[in-house]
Amino acid sequence: MSEKLSPIEAIKTKSDGLRGTLKESIDLDNHTGNVRPDDETLVKFHGMYVQDDRDRRAERAAKKLDKLYSFMIRLRIPGGVINAEQWIATHDISEEYGTGILKITTRQTLQLHGLLKHQLRPTIQAFNVAKLDSIAACGDVNRNVIASSHPQLSPLHKEIYEYADKISTLLLPKTQSYYDVFIDGEKIYERSSEADPLYEDRYLPRKFKIAIAIPPSNDVDVFTNDIGLIAIVENNELKGFNIAIGGGLATTHGNPNTYSRLGSIIGFTDTEEKTLKAVYEILTVQRDFGNRVDRKLSRLKYTVDKLTVEGFKEELEKRIGFKLAPEKPFEFTERSDRFGWEQNHEGKWFYTLFVEHGVIKPYQKEFLYGVAKLNVSNFIFSGNQNLILGEVSNENKVKIEQLIEQFNIAKEDSVLRKNSMACVALPTCPLALAEAQRYLPVLVTKIEPILEKYNLQNDEITIRMTGCPNGCGRPYVSELGFIGTGPEQYNFMLGGDRYGERLNKLYKEKQTESQILEEVDSLLGRYVNERNQGETFGDFAFRAIL
């Protein structure tokens, strides 16, 4: 007797190409700010999540009111680059709809929160006019493809970045339901041509993430993705990509069958055709072999471990029709963003703005709007939730510097703060067990004096926090990691390396703030006194503490 499929599988196959009853939910169901239950699943495939303000649940329940539902929209921006006109459009849309806050995600794109149901269609239509969309930004499909964000790293950045767009386009669902539902039935082509050889009518068992890294930077945390492509550059020529599979961080508290895993390199491809073919067929292997019964065990990492790395590679090579070459050597020596001004090989300037946890503050938003009005740069989102103003000439650099001074942008922040990352968590994420984005800045402020006490304020220690074990802020590959277990309590993770090539481990469970600060003080004291020459904090903790 075969195992019963997850209920989500039936919703997908019966959805009429992800249309479901979304039109009815949006246009007819005025009694609620939510969509119908099955449509809550389908709306994700169109780049949206249903959320509610958890800070106001008790108050509204006492008044016998429905939850205060709203929607988050996440854009699809392969490689994380938009132009000045698109920034202006996004700014204007955020001012008209939602909370007005723009949030840069860890996957190089933007989210708008707090949109009401009746605002979904005009918001999507406004983005469409700006040539932006949210197709497949969420859901059981390939999501936003990210790439190393610092063009000054390599003269080949543009060539490598273009792979993000090619892969994103290659792996888009064929259904035109996004246009049918949200853009007044605009038809791109006939429904008969919606046949989808990749996703079929069942899509993938779970979400799928792809990242492209350009050594020596691992700013995308390439090994945490389902597919990681590592660019191999020799003598300023792109030779191809090492391909890693099976990365993923999400776990479930109390479920020992779930675990974090870093990707395994299975080989090298030396042409664009081979690379794209391999990427495509890795998805088909996951589609056919992935777990569709238990969604907690349905990511590619579990499929890889079920088939074994060699077994997965053997199945993949059958499908692509060629053998993968052996992996090429590479080295990561940085993961942080390069703040302030840097110049690339063409003499163009890039200014990296620190955006704490991706939440663009009002004064930063005004500054960026002013820059966009000049139309002298593009806007690049980093995998660390920061923003780079790129492709700036010497002449235009002066204009941006005037705005930097006018808006007091170049504020001094600690190295620890600049190396911090947090997920959204409360009040909008339904999965959050504890605070993250609202609390980590407070915790960092309390850790900063401890760093000064030990003269470590310039040590680039990474610190990351999430409100649940899903890992959206990538806490499992940080030197100091905190994972919410309940209100004001966190699992303390320790021993990750500085460049994202080793997972950390559970050090202490369910720690309160006072316990965390006491442990950090003790650990940093030992680090100063017991470290080896040149040893980073993560490597020290892995060697001497765990």
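Using the Karplus equation 6.51 cos²θ - 1.76 cosθ + 1.60 (θ = phi - 60°), what ³J(HN,Hα) coupling, rounded to whole Hz, does each residue of the range 322-338 give in order, writing x for Gly and Pro?
Taking θ as phi minus 60°, the curve returns 8, 8, 5, 6, x, 5, 9, x, 7, 8, 9, 10, 7, 9, 6, 7, 9 Hz for the range 322-338.
In whole Hz and in residue order, list the ³J(HN,Hα) couplings for the range 475-487 that follow from phi through the Karplus curve 6.51 cos²θ - 1.76 cosθ + 1.60, θ = phi - 60°; x for Gly and Pro.
Karplus values, whole Hz, x for Gly and Pro: x, 6, 10, 10, 7, 10, x, 10, 10, x, 10, x, x.
So between residue 412 and residue 453, what do we pick up on full extension, going 0.36 nm a residue minus the alpha carbon distance?
That pair, residue 412 and residue 453, stretches by 12.9 nm at full extension.
Which one, 75, 454, 149, projects farthest toward the positive side of the charge dipole computed for the chain from Cβ point charges (K/R +1, D/E -1)?
Towards the positive end, the residue furthest out is 75.
Taking R0 as 35 Å, what FRET efficiency do you get between residue 63 and residue 442 from their Cβ-Cβ distance, rounded to the nearest 0.05?
That pair, residue 63 with residue 442, gives E of 0.70.
What is the chain's relative contact order, in percent, from Cα pairs under 8 angstrom and six or more apart in sequence?
So the answer I get is 12 percent.
So who's got an amide H within less than 5 Å of the one on residue 265, skipping anything under 5 residues away but keeping other chains? H placed 1.01 Å off N, in plane.
Counting only residues 5 or more places away or on other chains, the set is 245.
Can you grab the distance from the C-alpha centre of the range 311-354 to the C-alpha centre of the range 475-546, Å, no decimals?
27 Å
When the Karplus curve 6.51 cos²θ - 1.76 cosθ + 1.60 is applied with θ = phi - 60°, which whole-Hz ³J(HN,Hα) does each residue of the range 523-539 get, with x for Gly and Pro?
Taking θ as phi minus 60°, the curve returns 5, 5, x, 5, 4, 5, 8, 10, 6, 7, 4, x, 6, 7, 4, x, 5 Hz for the range 523-539.
Rule-of-thumb check for the range 25-144: C-alpha Rg over 2.2 N^0.38 Å?
After normalising by residue count via 2.2 N^0.38 Å, the value is 1.09.
May I ask which residue of 336, 284, 414 lies farthest towards the positive end of the charge dipole of the chain, with charges of +1 (Lys, Arg) and -1 (Asp, Glu) on Cβ and the Cα centre as origin?
284
What aspartates and glutamates does residue 158 reach when the alpha-carbon gap must be under 14 Å and sequence neighbours fewer than 8 apart in one chain are set aside?
Here the aspartates and glutamates satisfying the reach criterion relative to residue 158 are 237, 346, 391.
What Cys residues in the chain are without a partner cysteine, judged by a Cβ distance under 4.7 Å?
138, 429, 468
Amide H of residue 52 versus every other amide H placed in the peptide plane: which residues, excluding those fewer than 5 positions away on the same chain, fall under 5 Å?
70
Translational diffusion coefficient of the chain at 4 °C, 1.567 mPa s, Stokes-Einstein with Kirkwood Rh over Cα pairs, in µm²/s as a whole number.
54 µm²/s
To the nearest 0.05, what FRET efficiency results for residue 170 and residue 32 with a Förster distance of 25 Å applied to their C-beta separation?
Given R0 = 25 Å and the Cβ-Cβ separation, E is 0.10.
Using alpha-carbon pairs under 8 Å, 6+ residues apart, how would you state the relative contact order of the range 340-411 in percent?
36 percent
Once R0 is set to 25 Å, what does the formula 1/(1 + (r/R0)^6) return for the Cβ-Cβ distance between residue 195 and residue 23, expressed as a FRET efficiency to the nearest 0.05?
Efficiency, rounded to the nearest 0.05: 0.65.
Using only the Cα atoms, work out Rg/Rh for the range 416-545, with Rh taken as the Kirkwood radius, to two decimals.
0.95
State which entries of 131/296; 239/277; 12/510 exceed 27 angstrom in Cα-Cα distance in the structure shown.
131/296; 12/510
Where a number appears in this text, it was derived from the coordinates with a stated rule and is not lab data. Everything quoted here is computed from the prediction, not taken from an experiment. FYI the Cβ positions are ideal-geometry reconstructions off the backbone, even for glycines, and counts take in every protein chain you see.
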